[in-house]
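One structure, pasted below without further comment.
The values are calculated or read from the model by the stated rules, or taken from the named source; none is laboratory data. These numbers were taken from a predicted model, which means no experiment stands behind them. Note: ideal-geometry Cβ built from the backbone for every residue, glycine included; neighbour counts use all protein chains shown. For the accessible areas, the whole protein counts, side chains as well, though only heavy atoms, and no ligand, DNA or RNA atoms are used. Shrake-Rupley method; radii C 1.70, N 1.55, O 1.52, S 1.80 Å.
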Amino acid sequence: MGEEDFQGLIDRRAGIIGTLKQELIKRFNLPYTPEDLHEDVSLLGSGLGLDSLDALEIVLCVESCFKVKVPDNSMSILRSINTLVDFVIDEQDRLVAHR
């Protein structure tokens, strides 16, 4: 992988992180800026204080913003912003590979 390819992956990931942070702040009316949210903060429970009902809204957010389908019973991807971003990238890559 060349340096340009690597930079492209970094930029792609940063874009997804930025969009996700902004959407979470907006949808849940969180008192934070995107810079305040660490990528490894726990989304549910003690981290951002979101609950299981909020998990459904997170899933809807991911599906509408990134055009991917989140499978039922996939709570593990809701662990942190990073786990969501990993899922989005994997799913987008899978969809492109199947075209």
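Just to be sure before I move on: is Glu4 among the acidic types (Asp, Glu) and surrounded by 10 or more Cβ atoms within 10 Å (Cβ to Cβ) in the structure I sent?
Here the answer is no, as Glu4 does not meet what is asked.
Could you give every pair whose Cβ atoms fall below 7 Å, whose first residue belongs to the stretch 1-27 and is basic (Lys, Arg), and whose second residue is part of a helix (DSSP H, G or I), counting only separations of at least 6 or pairs across chains?
Arg13/Val85; Arg13/Ile89; Lys21/Pro34; Lys21/Ile81; Arg27/Glu57; Arg27/Cys61
Within the stretch 27-36, is there a residue that is aromatic (Phe, Trp, Tyr) and open to solvent by 30 Å² or more (accessible area, probe 1.4 Å)?
yes
From the residues in the stretch 41-80 that are under 19 Å from Arg12 (Cβ atoms) and touching a residue at least 40 places away in the same chain (Cβ under 8 Å), which one is most open to solvent (accessible area, probe 1.4 Å)?
By that ranking, first place goes to Cys65.
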